[in-house]
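First comes the structure, then the notes that go with it.
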Amino acid sequence: MHQVTQAAVQSAVEQAPVAGIANGYIDIVQPLPGQPSQIFLRIGNVFRVFNNPNPQTHDQVQEAFAFGHQVIGVWDSGTPLVLRSIQIRKI
């Protein structure tokens, strides 16, 4: 029982959410046939991908960079190159 609990705790720690502020992006609004629409955020000189964003997300990311707002990417520590969400902070 102790091993199962320890494995569950370790798995949760490995999947801890991590966030960072993006300083650049690539927006693929018309992907090749069969490929998903994607937004890549550059966070700490590493590009991280957000797959299948809705049209509003594309617009919001573009506007945020145009107006100097913070764009924050959130990912799991277990999959550091795939974003779980994108947040915009207007400060």
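Within the range 58-71, is there a residue that is part of a strand (DSSP E or B), under 20 Å from VAL29 (Cβ atoms) and touching a Leu at 6+ places or on another chain (Cβ under 7 Å)? There is at least one residue in the range 58-71 that is part of a strand (DSSP E or B), under 20 Å from VAL29 (Cβ atoms) and touching a Leu at 6+ places or on another chain (Cβ under 7 Å). How many of the residues making up the range 62-84 are within 19 Å of VAL18 (Cβ to Cβ) and either in contact with a helix residue (DSSP H, G or I) (Cβ under 9 Å, 6 or more places away or on another chain) or surrounded by 11 or more Cβ atoms within 10 Å (Cβ to Cβ) (or both)? Going through the range 62-84 one residue at a time, the tally reaches 14.
Taking the range 18-57 as the region of interest, how many residues are among the aliphatic types (A, V, I, L, M), in a loop (DSSP other than H, G, I, E, B) and buried (at least 17 other Cβ atoms within 10 Å of the Cβ)? Let's see the steps before the verdict.
Step one: filter the range 18-57 for residues among the aliphatic types (A, V, I, L, M), giving 18-19, 21-22, 26, 28-29, 32, 39, 41, 43, 46, 49.
The next check asks that each one be in a loop (DSSP other than H, G, I, E, B); those that pass are 22, 29, 32.
Now drop any that are not buried (at least 17 other Cβ atoms within 10 Å of the Cβ), which leaves 22.
Final tally of qualifying residues: 1.
Selection of first residues in the range 59-81 that are more than 16 Å from ASN45 (Cα to Cα) and of second residues that are part of a loop (DSSP other than H, G, I, E, B) and charged (D, E, K, R), restricted to Cβ pairs under 6 Å at least 6 apart or on distinct chains, gives the following pairs, ordered by first then second residue: HIS69/LYS90.
In the range 58-72, is there at least one residue being polar (S, T, N, Q) and at pLDDT below 95? Scanning the range 58-72 turns up no residue that is polar (S, T, N, Q) and at pLDDT below 95.
Conditions (1) over 9 Å from the mean Cα position of the chain (by Cα); (2) at pLDDT 95 or above, marked per residue:
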| position | (1), (2) |
| --- | --- |
| PRO33 | yes, yes |
| ILE39 | no, yes |
| PRO53 | yes, yes |
| SER77 | yes, no |
| ILE91 | yes, no |
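The values are calculated or read from the model by the stated rules, or taken from the named source; none is laboratory data. Just so we're clear, the structure is a prediction, and the values are computed from it rather than from any experiment. Quick reminder, even Gly has a Cβ in these numbers, built from the backbone with ideal geometry, and neighbours come from all protein chains shown.
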